[in-house]
1. Normalising by the residue count of the chain, find the relative contact order in percent from Cα pairs under 8 Å and 6+ residues apart.
2. Multiply the residue separation of Glu166 and Ser76 by 0.36 nm, subtract the distance between their alpha-carbon atoms, and state the gained length in nm to one decimal.
3. Please work out whether the chain counts as rounded, prolate or oblate from its C-alpha gyration tensor, where a ≥ b ≥ c are the square roots of the eigenvalues and a/c under 1.5 means rounded, while otherwise a/b larger than b/c means prolate and anything else oblate?
4. Calculate the spin-label point distance for Arg157 paired with Tyr185, positioning each point 7 Å from the Cα along the beta-carbon direction, and give it in nanometres.
5. Can you pull the Rg over Rh of segment 1-98, Cα-only, Kirkwood?
6. With +1 assigned to the C-beta of every Lys and Arg and -1 to the C-beta of every Asp and Glu, and no other charges, what is the dipole magnitude of segment 1-103 about the Cα centre in debye, to the nearest 20?
7. Looking at Ile108, Gln174, Val81, which one has the Cα that reaches farthest to the positive end of the dipole of segment 55-198 (charges on Cβ: Lys, Arg +1; Asp, Glu -1)?
8. Quick one: the Cα spread of segment 131-201 along its three principal axes, in angstroms, biggest first?
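What follows is calculated from the coordinates using simple rules that are stated; it is not laboratory data. Quantities reported herein were computed from a predicted structural model and do not represent experimental measurements. Quick reminder, even Gly has a Cβ in these numbers, built from the backbone with ideal geometry, and neighbours come from all protein chains shown.
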Amino acid sequence: MEIKFADSFAKSIKTLILHNTWWYKTYETIRYDIPRFIRNVWLFRKSLWNTYWWDHHGPLMHLQIALDQMADKIESQGIEVDESRLKKVAKMRRASQLIRNYNDDLYIDMAEAELGELVLHDIEFEPAPDHPSYYQMVDKDTPEEKQHNRKVFERARELGETEWAELWEILKGQDYENIKKREDYDWDSHFDGSGIRGWWD
């Protein structure tokens, strides 16, 4: 058996050797790594500014910004076929929106859009009957208004819990073994684009 190598094979080996030299690594650092670092500092400036060791909103914001950039780039420049690539982009955008809803605490607004606005009265105080030198807040809410407000707050809590679970389901991804076991197995129709480990190009 005769083994032959094309000219491109030798060129590939030379390129691999070249990329492992100290002077090429120095060039690569100056040409690519440092500019990318500076771009990333600018891109993540808001999440960097708002990251504290005692709070989880900063890291979530960092993930949201990264997902937005990844979705934009993969949608416009990705080389994967449209059938699976665009499903991944849709899941990235959904995960980003879920993080934004959580970090911006939009659940009250969402619940109000469904059930109607909270009934809020101006805060007023009146003298406390038992302690003349103290004041107590006046409760102006009617029983109906209290019940409505409770429904809005409860719906906001439900939305928050549902979206939090959805976010982690998207990031975790599907159980691919279950897809393969289906009798009507067809990857393109059953794959939904979820799973952060598969979001790369």
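1. 19
2. 29.8 nm
3. oblate
4. Simple spin-label model gives 4.5 nm for this pair.
5. Rounded to two decimals, Rg/Rh equals 1.17.
6. That gives a dipole near 200 debye.
7. Projecting each Cα onto the dipole axis, the largest value belongs to Val81.
8. Cα extents, longest axis first: 75, 26, 17 Å.
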